[in-house]
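Everything below concerns the one structure shown next.
The values are calculated or read from the model by the stated rules, or taken from the named source; none is laboratory data. Because the structure is a prediction, the values reported are computed rather than measured. Heads up, the Cβs are rebuilt from the backbone with ideal geometry, glycines too, and the neighbour counts pull from every protein chain shown.
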Amino acid sequence: MDIAKVVGSITSVSKIEQLKPVKLFVVHVLDGDFQNSGKYIVAVDTIGVGYGDLVLITTGSAAKMTEITKEIPTDTSIVARMDGLEGEK
Amino acid sequence: MDIAKVVGSITSVSKIEQLKPVKLFVVHVLDGDFQNSGKYIVAVDTIGVGYGDLVLITTGSAAKMTEITKEIPTDTSIVARMDGLEGEK
Amino acid sequence: MDIAKVVGSITSVSKIEQLKPVKLFVVHVLDGDFQNSGKYIVAVDTIGVGYGDLVLITTGSAAKMTEITKEIPTDTSIVARMDGLEGEK
Amino acid sequence: MDIAKVVGSITSVSKIEQLKPVKLFVVHVLDGDFQNSGKYIVAVDTIGVGYGDLVLITTGSAAKMTEITKEIPTDTSIVARMDGLEGEK
Amino acid sequence: MDIAKVVGSITSVSKIEQLKPVKLFVVHVLDGDFQNSGKYIVAVDTIGVGYGDLVLITTGSAAKMTEITKEIPTDTSIVARMDGLEGEK
């Protein structure tokens with residue numbers, strides 16, 4: 001999983017049926033120093049996030065392993081809000 | 001998912017049976033500033049797009065989770081047209 | 001999927017049983033300008049290609065979704081020969 | 001799999017149910033010279049690790065193939081502690 | 001698949017049960033000119049290799065499609081020894 005920051009949301013009228021019930025957020029992936037890595041991803045929200053939140057995103061087949069995303073063709077989902085970081089870092 | 005721009009389509013006579021009914025588009029993946037990232041991908045269309053459209057592409061096993069692509073060996077599918085972007089960005 | 005050029009083939013005596021019936025080609029992945037991107041991949045052929053052909057390769061679990069590759073532990077398969085490109089590009 | 005060093009752990013209150021029972025560690029992926037590659041990942045622990053440990057991480061669908069992670073939407077899991085390296089390197 | 005060179009093996013006491021019966025090798029991924037690309041991976045051996053061998057590695061879900069690896073949480077497996085390369089390259 002990667003640590004990312006929620007920065008926007010996508011407006012889309014034409015999309016496949018499965019994507020219609022979910023909210024699509026644009027997140028910036030953070031690097032090891034919690035700075036913007038320059039990489040963004042569009043992710044399905046599964047927990048209820050807002051702009052500016054630090055979140056964990058999961059990718060690949062894992063992105064479809066939540067109650068909300070199991071029928072949704074997403075390759076990236078937001079699965080946790082990050083409240084803090086402990087350790088040596 | 002990534003945001004991409006539809007720029008072309010592939011003509012192919014020799015291809016496996018499963019790919020014959022679908023339309024293959026060349027898309028340029030956009031970076032965080034909506035500029036061409038220099039990366040292109042060939043994607044199966046599932047919604048009916050045209051050249052110049054901004055779209056969302058999904059990759060990996062998710063690319064096969066639509067009605068149109070479920071039997072198709074694609075690693076990338078176009079699943080939404082992007083109409084706008086809201087938020088902090 | 002990516003556009004690639006077939007440049008060689010692999011000779012291998014010691015390999016797992018599943019790989020024995022298939023032909024393994026070395027392909028160079030092309031960039032957005034149809035130049036060699038510097039990245040090569042070894043791919044299983046599913047359509048009958050030759051050196052110099054421009055082809056489409058599919059990766060990940062999709063690489064195993066053809067009649068020829070469904071029991072083969074490959075992460076990349078050649079699924080179409082590219083005859084042309086239309087559009088804005 | 002990649003070799004990584006455990007450097008921290010994530011504190012999170014809002015997360016999907018499946019992630020609640022597991023411990024999430026921040027690991028730094030090491031390069032070929034056992035130096036920090038600059039890339040970090042958040043991984044689920046399956047063996048009981050501590051800060052500073054050198055570990056092996058597995059990614060993609062393999063990350064869900066352990067007793068602990070089989071129902072968990074993780075794309076990266078810690079599956080071994082590395083005790084040594086033999087060979088030409 | 002990628003072409004890689006076997007350069008070492010991992011010693012590990014603490015690992016999940018599924019990894020105990022297999023041998024874990026460190027391989028260096030080679031670039032298009034058969035030079036070390038600077039990228040290494042830890043791979044499960046399925047054919048019996050030794051240090052210095054040139055091998056093919058497969059990644060992702062394909063890495064678990066061999067008799068030896070089908071229950072093993074690996075994202076990379078060695079599936080062939082490379083004996084030669086023919087073609088334009």
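May I ask you to list the residues in segment B:58-76 that are buried (at least 17 other Cβ atoms within 10 Å of the Cβ) and more than 9 Å from chain A (Cβ to nearest Cβ)?
B:Ile72, B:Pro73, B:Thr74, B:Asp75, B:Thr76
Just name the residue that is modelled with the highest pLDDT out of those in segment D:78-89 that are assigned to a loop (DSSP other than H, G, I, E, B) and over 21 Å from D:Tyr51 (Cβ atoms).
The selected residue is D:Glu88.
Quick check: anything in segment E:10-18 more than 8 Å from every other protein chain (Cβ to nearest Cβ), among the small types (Gly, Ala, Ser) and on the phi < 0 side of the Ramachandran plot?
no
Read through the list (1) hydrophobic (A, V, I, L, M, F, W, C); (2) under 18 Å from D:Gly32 (Cβ atoms); (3) within 11 Å of chain C (Cβ to nearest Cβ); (4) in contact with a Leu (Cβ under 7 Å, 6 or more places away or on another chain), then give the number of the only condition that E:Val42 fails.
(3)
Out of A:Val6, A:Val79, A:Val27, report the one residue that is in contact (Cβ under 8 Å) with a residue 60 or more places away in the chain and either under 16 Å from D:Leu19 (Cα atoms) or in contact with a Lys or Arg (Cβ under 7 Å, 6 or more places away or on another chain) (or both).
A:Val79
Could you grab me the full set of residues in segment B:15-56 that are of a type in the set (Gly, Ala, Ser), out of contact with any helix residue (DSSP H, G or I) (no Cβ under 9 Å at 6 or more places or on another chain) and surrounded by 15 or more Cβ atoms within 10 Å (Cβ to Cβ)? Spell out how you get there, then give the answer.
Residues of segment B:15-56 that are of a type in the set (Gly, Ala, Ser), as a first pass: B:32, B:37-38, B:43, B:48, B:50, B:52.
Those left that are additionally out of contact with any helix residue (DSSP H, G or I) (no Cβ under 9 Å at 6 or more places or on another chain): B:32, B:37-38, B:48, B:50, B:52.
Selection gives B:Gly32, B:Ser37.
Condition check: without any contact (Cβ under 8 Å) to a residue 12 or more places away in the chain and β-branched (Val, Ile, Thr). Does B:Val13 satisfy that?
yes
Take E:Asp33 and decide whether it is modelled with pLDDT under 95, of a type in the set (D, E, K, R), out of contact with any His (no Cβ under 9 Å at 6 or more places or on another chain) and under 18 Å from C:Ile10 (Cβ atoms).
So E:Asp33 passes the test.
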